[in-house]
Every structure is written in structure tokens, then in C-alpha cells.
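Presented below is the structure to which this report refers.
The values are calculated or read from the model by the stated rules, or taken from the named source; none is laboratory data. Since the model is a prediction, treat every value here as computed from it, not as a measurement. Please note: Cβ atoms are built from the backbone with ideal geometry, for glycine as well, and neighbour counts cover all protein chains shown. Calculation scope for accessible area: heavy atoms of the full protein, side chains included, ligands and nucleic acids excluded. Shrake-Rupley method; radii C 1.70, N 1.55, O 1.52, S 1.80 Å.
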Amino acid sequence: MPGPSKAVAPPTSRRAQIVAVAAELFAERGFHGVSVYELGAAVGTSGAALYKHFANKEALLGEMLVGISERLLSEGQRRAQAATPDGPEAVLAGLVDWHVEFALAHPALITVQLRDLASLSEDDRHTVRRLQREYVQLWISAIRAALGGDEARARSAAHATFGLINSTPHSARLRPEQMAELLHAMAIGALQASMR
């Protein structure tokens with residue numbers, strides 16, 4: 001698995017630093033494979049000191065995964081809105097670009113989200129699922145506007161495209177800009193083929 005992208009700006013707050021380090025450790029060993037004491041050591045403090053920032057390890061995972069979902073949705077909405085004057089194809093391309101950009105910059109977060117969602121508290125899991133549904137709906141609307149098709153087919157196409165793009169923690173073997181170009185071309189091509 002590739003390490004974190006060198007182009008990603010370092011987190012600015014202590015909480016954000018803890019979340020970033022935890023994401024790397026959870027991606028490497030799984031949520032249940034990392035203790036609070038190991039987390040503390042990785043961020044240069046004691047495990048007990050982490051409780052100043054998070055009530056427990058589950059709260060840390062909740063902030064991480066709710067944060068991912070909020071960011072994907074809010075930036076996706078922003079990019080779709082910005083591309084709207086250029087037409088539906090530009091909106092869809094903007095969503096693809098955003099998801100590719102996020103996946104390449106944050107492979108650890110993608111891994112944790114795919115693998116450890118079930119470890120969230122019920123409230124956080126409900127929040128993540130709600131945000132994910134809104135994000136998927138954004139894509140469905142963009143796919144149908146650009147390529148036609150019914151809602152069920154567009155929903156399936158959106159999820160399949162996420163699977164393709166979210167494979168980057170395991171498939172990224174090119175330079176980031178080359179991988180972004182490849183993923184964009186593959187995603188748009190797959191979407192176009194799926195809605196014929």
C-alpha cells in the first residue's frame with residue numbers, strides 16, 4: 001500500500017494531527033488492531049493524553065469517518081455548482097475529478113472508511129450513511145443529466161465508479177498526476193458505457 005501523498009498539507013490542529021496519524025495506523029492494522037497507547041506514542045504523547053481530545057477511540061473514528069463524508073459531500077456540491085454553467089457533462093467530470101483527487105490524496109482514509117465503518121457508534125454510523133446517501137444522490141443526478149438512464153441504473157453506475165476510484169490504495173502505481181488522468185478516463189468511460 002502506498003504511503004500518504006507528499007502533496008497533502010500537514011494537519012493544522014492537534015485534533016487533526018491525531019486523526020491523520022490514526023487514519024494511517026487504522027489503515028495499516030485495522031481499527032481494533034491499534035490501541036490508544038499506540039496512538040498516543042505515534043503522536044508523541046501518552047495514550048491517556050488523547051482523552052483530552054477524544055472521549056475514546058470510537059469517538060476518534062467517528063470524527064474521522066463523519067469528517068470524510070461531510071467533506072466529500074460539501075466539496076462535491078461546491079464543484080457541481082461551479083461546473084453547472086458549463087453543462088451536465090462538466091458537472092459529472094467535476095465530480096469524478098473531485099473523487100479521484102480525494103482518493104489519491106487520502107488512501108488511508110479510503111481504506112478505513114471501507115473496512116471499519118461497522119466499528120462506528122450507532123449515531124455516527126447513521127450520520128455517515130445519511131451523508132453518503134446525499135453524496136450518491138448528487139452523483140445520480142449528475143449521471144442522469146449528462147448521460148440519461150433511469151435512477152436504478154445511475155445508482156448502480158455511481159457505486160461501481162466509487163469502487164473503481166476507491167481501489168487506489170491498492171492500484172496506484174503511477175505518478176499521482178498520471179494516476180489521476182487514468183482514473184478520470186476510466187471512470188468517465190465506464191459511466192458512458194454503463195448508460196448506453
Accessible area of Asp97 in the full protein assembly, 1.4 Å probe (Å², nearest 10): 70 Å²
Accessible area expressed per residue, the chain, with surrounding protein chains retained (probe 1.4 Å, Å²): 51 Å²
Inter-site label distance for Glu89 and Ala193 at 7 Å from Cα along Cβ, in nm: 1.9 nm
Computed [θ] at 222 nm, helices only, for the chain once each DSSP H run of length n ≥ 4 contributes -39500 (n - 2.57): -24000 deg cm²/dmol
Rh by Kirkwood over Cα pairs, then Stokes-Einstein D for the chain at 1.002 mPa s and 20 °C, µm²/s: 121 µm²/s
Nearest-ten-degree value, helix 88-105 long axis tilted from longest Cα axis of the chain: 20 degrees
Rounded tilt (10° steps) of 176-194 against the dominant C-alpha axis of the chain: 50 degrees
Residues in segment 61-81 reached by a label modelled at Arg130 [backbone nitrogen below 19 Å; 7 Å Cα→Cβ]: 61-77
Accessible-area ranking of Tyr37, Tyr135, largest first, probe 1.4 Å: Tyr37, Tyr135
Principal-axis tilt of helix 57-83 within the chain, Cα atoms, nearest 10 degrees: 30 degrees
Net dipole in debye of the chain [+1 Lys, Arg Cβ; -1 Asp, Glu Cβ; about Cα centre; nearest 20]: 120 debye
With DNA, RNA and ligands ignored, accessible area of His53 (1.4 Å probe; Å², nearest 10): 60 Å²
Counted charge near Arg153, where neighbours are those whose Cβ lies closer than 13 Å (Asp, Glu -1; Lys, Arg +1): +1
Surface share of carbon and sulfur [accessible, 1.4 angstrom probe, percent] for the chain: 55 percent
Sequence-separation-based contact order of the chain, relative, with Cα cut under 8 Å and 6+ spacing, percent: 25 percent
Highest-fluctuation residue, Ala80, Ala154, Ala185 considered, GNM on the chain with Cα pairs under 10 Å: Ala185
Those trypsin sites (Lys or Arg not before Pro) in segment 143-183 that DSSP places in a loop and that have at most 13 other beta carbons within 10 Å: Arg173
For segment 85-107 and segment 128-196, distance of Cα centres in Å: 9 Å
